[in-house]
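Below is one structure, written out as C-alpha cells, with a few remarks after it.
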Amino acid sequence: MPVPAQPIRFYRFALSGHSHRVELFLSLLGLPFETVEVDLRQGEHKTPEFLAKSPFGQVPAIEDGDVALADSNAILVYLAGRYDETGRWLPRDPLAAAEVQRWLSVAAGFLAYGPAAARLVTVFGAQLDHERAKAIAARLFGVMEAHLARGGFLAGPEPTVADVAIYSYTAVAPEGGVSLQPYPNIRAWLARIEALPGFVPMPRSAVAA
C-alpha cells in the first residue's frame, strides 16, 4: 500500500462524528497523520486560514502534500482511491460501487438529519426539532436493521467506506436519545467494525448514553 511522503494533517473537532469517520479510516488504513484540533466554540473554523482549506468552514479537513480537501465523505473516497490499492474499501465493480455510494448518500441524508441532528440537540444545544430527528433516526435504523439481518457489512460481505461513513453517528446515537436496544443486527454490525484492526472509538460526550 502506498504511504504519504509526510504525515497527513488532519483537522478535526473531537466530538464531531464527521471528524471521527475520517480519523477511523486513517487508522484502519494505517496511514501516518497528525491531528490539528479546531475549536469550533472559539470560531476557529471561520478564520481565513481555515476557510482556505475548507471553504464552507466545516470540519474535518485534511492536507496531504499539496492536496487540501474538506467534506468527510469526499475525504473517505480520496483516501481509499489514493492509498488502498486492493480496492477493498472503495470497490470498482459498478454494482458494488453503487451500493457504497447509496450509503454515502444515506450518511449525508438520513444519518445527518436523524441520529446526528438528535445528538446536536442533546450534546450541543442546537435549536432543532428533536422529535423529528428521532423519528428520522427510527426510520433509518429500521431499514438498517432489516438490511443487516443477513450479516456482513452495509455494502457486502467486506467492510467499505460505507461502513466507515455510517458507523460514528450510529455508535453514539444514544447520546441523542435514540436507543440501539431494539436493533440487535445494528449492534452486531457495530461490533464487527469495532473488531477491525486499527479501529479507534468515537469519543463520548458528557451526555449519558
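Open to solvent by 20 Å² or more (accessible area, probe 1.4 Å), among the basic types (Lys, Arg) and at negative phi, is that true of Arg139? Yes; evaluated as a whole, the condition is true for this residue.
Arg150 meets each of the listed conditions (1) over 25 Å from Pro94 (Cβ atoms); (2) without any contact (Cβ under 8 Å) to a residue 24 or more places away in the chain apart from (1). Out of the range 51-94, which residues are assigned to a helix (DSSP H, G or I), closer than 21 Å to Ala112 by Cβ and touching an Asp or Glu at 6+ places or on another chain (Cβ under 9 Å)? Tyr78, Leu79 - these are the residues of the range 51-94 that are assigned to a helix (DSSP H, G or I), closer than 21 Å to Ala112 by Cβ and touching an Asp or Glu at 6+ places or on another chain (Cβ under 9 Å). Quick one: would you say Leu111 is assigned to a loop (DSSP other than H, G, I, E, B) and at pLDDT 95 or above? So Leu111 fails the test. Looking across the range 142-161, the residues that are in contact with a helix residue (DSSP H, G or I) (Cβ under 6 Å, 6 or more places away or on another chain), in a helix (DSSP H, G or I) and either open to solvent by 10 Å² or more (accessible area, probe 1.4 Å) or within 16 Å of Gln101 (Cα to Cα) (or both) come down to Met144, Glu145, Ala149, Val161.
Quick one: which residue in Leu90, Leu76 is buried (at least 19 other Cβ atoms within 10 Å of the Cβ) and farther than 26 Å from Phe124 by Cα? Of Leu90, Leu76, the one residue that is buried (at least 19 other Cβ atoms within 10 Å of the Cβ) and farther than 26 Å from Phe124 by Cα is Leu90. Within the range 162-192, the set of residues being buried (at least 21 other Cβ atoms within 10 Å of the Cβ) and farther than 20 Å from Tyr113 by Cα comprises just one member, Trp189.
Against the criterion of being farther than 30 Å from Pro157 by Cα, open to solvent by less than 60 Å² (accessible area, probe 1.4 Å) and modelled with pLDDT of 90 or more, Gly17 does not qualify. Scanning the range 20-51 for residues that are open to solvent by 20 Å² or more (accessible area, probe 1.4 Å) and in contact (Cβ under 8 Å) with a residue 40 or more places away in the chain gives Glu23, Ser27, Leu28, Gly30.
The values are calculated or read from the model by the stated rules, or taken from the named source; none is laboratory data. Since this is a predicted model, take the numbers as computed values, not measurements. Here the Cβ is made from the backbone with ideal geometry for all residues, glycine too, and neighbour counts use every protein chain on show. To get the accessible areas, we keep the full protein, side chains included, count just its heavy atoms, and leave off ligands, DNA and RNA. Shrake-Rupley method; radii C 1.70, N 1.55, O 1.52, S 1.80 Å.
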